[in-house]
Amino acid sequence: MFAVGQELYLEIDLKKAKLAQLPVLVKYDDSGEIADYGGTIEELTADAVKINGMYYTKAACRYYV
């Protein structure tokens, strides 16, 4: 399904990762710093992804499995 370290570019990729309950790593787009070391996607909105109780905006972050 996904390779380890693969970036989730598309909305459908985020939905597949949520459905499969895969741990997702979150990095800030501008600095590359890790925002979350990995958790399952709890919620997807038009603008954000909720992981471990925190919302990360799609415009400011990148997501990896």
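So, with +1 on the Cβ of K and R and -1 on the Cβ of D and E, and no other charges, what is the size of the charge dipole of the chain about its Cα centre, to the nearest 20 debye?
Taking the Cα centre of the chain as origin, the dipole is about 200 debye.
Convert each backbone phi in segment 48-56 into a coupling constant with the Karplus relation 6.51 cos²θ - 1.76 cosθ + 1.60 (shift: θ = phi - 60°), then list the ³J(HN,Hα) values in order as whole Hz, x for Gly and Pro.
8, 10, 9, 9, 6, x, 10, 9, 10
Alpha carbon centre of segment 1-22 versus segment 49-65: separation in Å?
After rounding, the separation between the Cα centres reads 12 Å.
Quick one: what are the phi-derived ³J(HN,Hα) couplings along segment 38-45, Karplus 6.51/-1.76/1.60 with θ = phi - 60°, whole Hz, x for glycine and proline?
Result, rounded to whole Hz: x, x, 7, 6, 8, 7, 10, 10.
Run the numbers on the chain and let me know its relative contact order in percent, using alpha-carbon pairs under 8 Å that are six or more apart.
It rounds to 37 percent for the chain.
What is the spin-label model distance, in nm, from Gln21 to Arg62 if the labels are put 7 Å beyond Cα along the C-beta direction?
According to this spin-label approximation, the distance is 2.9 nm.
Taking amide hydrogens as modeled 1.01 Å from N in the peptide plane, which residues meet the under 5 Å criterion relative to Asp29, leaving out close sequence neighbours?
Those lying under 5 Å, H to H, from Asp29 are Cys61, Arg62.
Amide H to amide H, which residues 5 or more places from Asp36 or on other chains are under 5 Å from it, using H placed in the peptide plane?
Val26
What list of ³J(HN,Hα) values in whole Hz, one per residue of segment 18-23 in order, does the Karplus curve 6.51 cos²θ - 1.76 cosθ + 1.60 (θ = phi - 60°) give from phi, with Gly and Pro shown as x?
Calculated HN-Hα couplings, in order: 5, 4, 7, 6, 7, x Hz.
Just so you know, all these numbers are worked out from the coordinates, no wet-lab data involved. Being a predicted model, the structure only gives us computed values, none of them experimental. Note that each Cβ is placed from the backbone with ideal geometry, even for glycine, and that neighbours are counted across all protein chains shown.
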